[in-house]
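*Asks:* Structure below; questions to follow.
The values are calculated or read from the model by the stated rules, or taken from the named source; none is laboratory data. Remember, predicted model here, so these are calculated numbers, not experimental data. Every residue, glycine among them, receives a Cβ derived from its backbone with ideal geometry; neighbour counts consider all protein chains shown. For accessibility, only protein heavy atoms count, side chains too; no ligands or nucleic acids. Shrake-Rupley method; radii C 1.70, N 1.55, O 1.52, S 1.80 Å.
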Amino acid sequence: MNPLLLAIRQAMVFSGQLENDVNRLLHVYHCPKTAEHSARVGAEAEKLAAIFGGDKAAARTAGWLHDISAIIPNSERIPSAEKLEIDILPEEAMFPMIIHQKISRAIAQDVFQIRDQTILSAIECHTTLKSHPSQMDLIVFIADKIEWDQPGKPPYLDELLAELEYSLERGAFVYIEYLWNQRNQLKVVHPWLIDAYEYLKPKCMH
């Protein structure tokens with residue numbers, strides 16, 4: 001195991017009960033707010049999977065693990081990604097917060113022994129989405145945006161929930177378009193976000 005991931009594995013005794021272990025690990029690394037957010041996203045993802053005929057257990061697992069990389073401080077994320085041999089895009093180097101989705105995938109895979117590629121993919125793109133997203137990618141992406149980790153009510157929430165009545169794609173596009181419309185104010189526009197916008201736009205315009 002990569003030394004960085006081995007150090008995480010050795011930070012506590014793992015019980016094999018995923019939700020308990022995620023919660024404990026986030027508290028060991030002093031990330032209680034992320035633990036609360038992760039629990040809410042896991043529950044929301046499970047709910048969306050039930051509505052749309054997805055794998056409820058897999059969605060819940062992905063939701064719980066999506067932000068597990070919060071245990072790595074923002075200032076250490078690019079060096080950590082390099083140690084983990086993660087492909088780092090220029091936009092991620094400029095704005096390290098955004099690479100947390102890829103680091104979460106690595107921790108989920110090697111520390112929590114997740115082998116389901118649909119779960120790992122959903123974790124890896126939960127912030128930006130990507131082109132040709134799977135149902136699980138969309139479920140976890142949307143759950144994260146419904147249960148966002150900022151104070152107050154998300155400004156896009158009512159429209160997202162309304163469009164979700166039609167499809168996961170239309171629900172996801174509400175948030176993608178929300179970011180797209182303010183892209184000139186963003187620190188970076190991630191290439192995967194551009195891909196997701198271009199993929200979803202023709203499917204969701206009405």
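*Asks:* Gain in length, residue 203 to residue 19, computed as 0.36 nm per residue apart minus the alpha-carbon separation, to one decimal in nm? Could you put the intermediate results ahead of the total?
*Replies:* On the way: separation 184, 0.36 × 184 = 66.24 nm, distance 3.54 nm.
Full extension from residue 203 to residue 19 adds 62.7 nm.
*Asks:* So which lysines can residue 33 reach, going by Cα to Cα under 22 Å and dropping same-chain residues fewer than 8 places off?
*Replies:* Correct list for residue 33: 47, 102, 145, 153.
*Asks:* So, one more: Counting Lys and Arg as +1 and Asp and Glu as -1, what is the net charge of the other residues whose Cβ lies under 12 Å from the Cβ of residue 22?
*Replies:* Details: positive: 24, 60; negative: 19, 21, 36, 67.
Result for the local shell: -2.
*Asks:* Let me ask another. Normalized C-alpha radius of gyration of segment 96-206, against 2.2 N^0.38 Å?
*Replies:* Details: Rg = 13.9 Å, N = 111, 2.2 N^0.38 = 13.2 Å.
So the Cα radius of gyration is 1.05 times the expected 2.2 N^0.38 Å.
*Asks:* Tabulate in residue order the Karplus-calculated ³J(HN,Hα) for segment 179-188, using 6.51 cos²θ - 1.76 cosθ + 1.60 with θ = phi - 60°, rounded to whole Hz; enter x for Gly and Pro.
*Replies:* After applying 6.51 cos²θ - 1.76 cosθ + 1.60, I find 5, 4, 5, 10, 4, 6, 9, 6, 5, 8 Hz.
*Asks:* Additional query: Highest mean first, what order results for 122-134, 148-160 on Cβ atoms within 10 Å?
*Replies:* Working: 122-134: 22.2, 148-160: 12.5.
Going from most to least packed, we get 122-134, 148-160.
*Asks:* Can I ask one more? Put +1 on the Cβ of every Lys and Arg and -1 on every Asp and Glu Cβ in segment 1-47; which of 5, 16, 39 then has its Cα farthest towards the positive end of the dipole?
*Replies:* 5
*Asks:* Can you compute the modelled spin-label distance between residue 189 and residue 85, with each label point 7 Å from Cα toward Cβ, in nm?
*Replies:* In this crude spin-label approximation the distance works out to 3.4 nm.
*Asks:* Just from its helices, what would the mean residue ellipticity at 222 nm be for the chain, if runs of 4 or more DSSP H residues each count -39500 (n - 2.57) and the sum is divided by every residue, rounded to the nearest 500 deg cm²/dmol? Write out the running numbers ahead of the final one.
*Replies:* Details: 12 runs with 127 residues, N = 206.
Theoretical 222 nm ellipticity from helices: -18500 deg cm²/dmol.
*Asks:* Compute, for the chain, the length of the dipole vector about the Cα centre, with Cβ point charges of +1 (Lys, Arg) and -1 (Asp, Glu) only. Units Debye, rounded to 20. Numbers along the way, then the final one.
*Replies:* Values: 20 positive and 28 negative charges, 45 e Å.
Using only the charged Cβ atoms, the result is roughly 220 debye.
*Asks:* Share of segment 49-102's accessible area from carbon and sulfur, percent, 1.4 Å? Display every interim value, and only then the final one.
*Replies:* On the way: 1330 of 2420 Å².
The value for segment 49-102 is 55 percent carbon and sulfur by accessible area.
*Asks:* What is segment 1-104 by shape, rounded, prolate or oblate, if you read a ≥ b ≥ c off the alpha carbon gyration tensor as root eigenvalues and call it rounded for a/c under 1.5, prolate for a/b larger than b/c, and oblate otherwise?
*Replies:* On the way: a/c = 2.00, a/b = 1.36, b/c = 1.47.
Judged from the Cα gyration tensor, segment 1-104 comes out oblate (a/c at least 1.5, b/c at or above a/b).
*Asks:* Starting with the highest mean, order 187-194, 26-33, 167-174 by the number of other Cβ atoms within 10 Å, averaged over the residues of each peptide.
*Replies:* Result, highest mean Cβ count within 10 Å first: 167-174, 187-194, 26-33.
*Asks:* I've got another one for you. Let me see the pair-distance distribution of the chain: every alpha carbon pair, 5 Å bin width, integer percents in order.
*Replies:* 1, 8, 16, 21, 21, 17, 10, 5, 2, 0, 0
*Asks:* Quote to one decimal, in nm, the extra length available between residue 162 and residue 181 on full extension: 0.36 nm per residue of separation minus the C-alpha distance between them. The partial results should precede the final answer.
*Replies:* Values: separation 19, 0.36 × 19 = 6.84 nm, distance 1.91 nm.
Extra length available between residue 162 and residue 181 comes to 4.9 nm.
*Asks:* Of the residues 51, 72, 176, which exhibits the maximal mean-square fluctuation in a Gaussian network model of the chain defined by a 10 Å Cα contact cut-off?
*Replies:* Greatest mean-square fluctuation among the candidates belongs to 51.
*Asks:* Moving on to the next point. Dipole size in debye (nearest 20) for segment 1-55 around its Cα centre, Lys and Arg Cβ +1, Asp and Glu Cβ -1? List each step's numbers first, then the result.
*Replies:* On the way: 5 positive and 6 negative charges, 40 e Å.
With Lys and Arg at +1 and Asp and Glu at -1, about 200 debye.
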